[in-house]
1. Given the structure, is Gly5 part of a loop (DSSP other than H, G, I, E, B) and either surrounded by fewer than 14 Cβ atoms within 10 Å (Cβ to Cβ) or modelled with pLDDT of 95 or more (or both)?
2. Quick one: in segment 15-43, of everything that is farther than 16 Å from Thr54 by Cα and among the polar types (S, T, N, Q), which residue is least open to solvent (accessible area, probe 1.4 Å)?
3. Give the residues of segment 46-62 that are open to solvent by less than 90 Å² (accessible area, probe 1.4 Å) and polar (S, T, N, Q), sorted by residue number.
4. Just to check your reading of the model, which residue among Gln39, Gln52 is touching a residue at least 12 places away in the same chain (Cβ under 8 Å) and at positive phi?
5. Hey, can you tell me all the residues within segment 14-57 that are out of contact with any Phe, Trp or Tyr (no Cβ under 7 Å at 6 or more places or on another chain), within 15 Å of Pro74 (Cα to Cα) and in a helix (DSSP H, G or I)?
6. Would you mention how many residues in segment 58-78 are in contact with a strand residue (DSSP E or B) (Cβ under 9 Å, 6 or more places away or on another chain) and in a loop (DSSP other than H, G, I, E, B)?
Amino acid sequence: MACVGCEIKEQVSRLDVDALVREQLSFEIDLAEEEVRDQRLNICDQCEHLNQHTCGKCGCFVRFRASLEKKSCPDRKW
């Protein structure tokens, strides 16, 4: 997996991603409700742009982006 914005490419596990996302979300104040986040992630799970843990359109970890209230899908699916 590689972040679109980074030159570093590395393989990370789902647990690693969850820890990274949890850490980053601890700094955020505009979190989406759990139900909203879960609905968004269900849509992401079906998306052709999902590349393991990241969105192929924007390069974000989908769990991070879906957890932020004011973010939207870069492919306008949510």
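1. On the way: part of a loop (DSSP other than H, G, I, E, B): yes; either surrounded by fewer than 14 Cβ atoms within 10 Å (Cβ to Cβ) or modelled with pLDDT of 95 or more (or both): yes.
Taking the combined requirement at face value, the residue satisfies it.
2. Ser26
3. The answer is Asn51, Thr54.
4. On the way: Gln39 fails: at positive phi.
Being touching a residue at least 12 places away in the same chain (Cβ under 8 Å) and at positive phi holds for just one of Gln39, Gln52, which is Gln52.
5. Leu41, Cys44, Asp45, Gln46
6. Quick first cut of segment 58-78, residues in contact with a strand residue (DSSP E or B) (Cβ under 9 Å, 6 or more places away or on another chain) only: 59-62, 65, 67-69, 73-75.
In the following step, the residues that additionally are in a loop (DSSP other than H, G, I, E, B) were identified as 59-60, 67, 69, 73-75.
Total satisfying the criteria: 7.
The values are calculated or read from the model by the stated rules, or taken from the named source; none is laboratory data. Every value quoted in this text rests on a predicted model; they were computed, and no experiment measured them. Note: ideal-geometry Cβ built from the backbone for every residue, glycine included; neighbour counts use all protein chains shown. Just the protein is used for accessible areas: all its heavy atoms, side chains included, with ligands, DNA and RNA removed. Shrake-Rupley method; radii C 1.70, N 1.55, O 1.52, S 1.80 Å.
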